[in-house]
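First comes the structure, then the notes that go with it.
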Amino acid sequence: MTLAACALVLIGGFLGGICRFFLSGLVGRSVGETFPWGTLLVNVSGALAIGAFAGAGRALGGVFSAEPVRDLIVVGLFGGYTTVSSFCLQTLNLALEGEQRLAVFNVVASSALCVLSVALGFWAIVWMAG
């Protein structure tokens, strides 16, 4: 771990966090916050993006498999963008508020859609790269 790697993760995390804050807030204001739709959208889109990046690394190599780029994009940007800790807290809050069905739905929908999105992003890039 070098100072340069830490700086790349810091920059990516800052950008990812700002993107998460903006998108999650936009969705929350648009559809309400009874259910954490913004967090679900951020997690699924983040899973799709990280899958696509991993697919590009496998299919294309080059810049997509370079360690500094992975530090900036995968660890920093996507790490700052996706919101697993927020997801866990929101799920707990749903359960504590007596919304067990919504809590279970949040776990199942987030898990299934995020795994599916990682696979979709990965295989779409591998397929497009030939």
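No value in this document is a laboratory result; all are computed from the given coordinates. Remember, it's a predicted structure, so these values are computed and weren't measured experimentally. Please note: Cβ atoms are built from the backbone with ideal geometry, for glycine as well, and neighbour counts cover all protein chains shown.
Descriptive notes on the structure:
- Short-range pairs are left out: with C-alpha atoms under 8 Å and at least six residues apart, the relative contact order of the chain is 40 percent.
- To the nearest ten degrees, helix 37-59 and the longest principal axis of the Cα atoms of the chain are 20 degrees apart.
- Only helical runs count toward this figure. For the chain, summing -39,500 (n - 2.57) over DSSP H runs of n ≥ 4 and dividing by all residues gives -26000 deg cm²/dmol at 222 nm.
- Residues whose amide H falls under 5 Å from that of Glu99, counting only those 5 or more places apart or on a different chain, are absent, with hydrogens built in the peptide plane.
- Compactness index (Cα Rg / 2.2 N^0.38 Å), the chain: 1.15
- Label-to-label distance, nm, for residues given as Ser86 and Val63 (7 Å Cα→Cβ offset): 2.8
- In range of the label at Thr2: residues from the stretch 55-93 whose backbone nitrogen is under 14 Å from the point 7 Å along Cα→Cβ: 66-72
- Relative to the longest principal axis of the Cα atoms of the chain, the long axis of helix 100-129 makes an angle of roughly 20 degrees.
- Relative protection proxy for 111-118, 37-44, from highest mean packing down: 37-44, 111-118 (other beta-carbon atoms within 10 angstrom).
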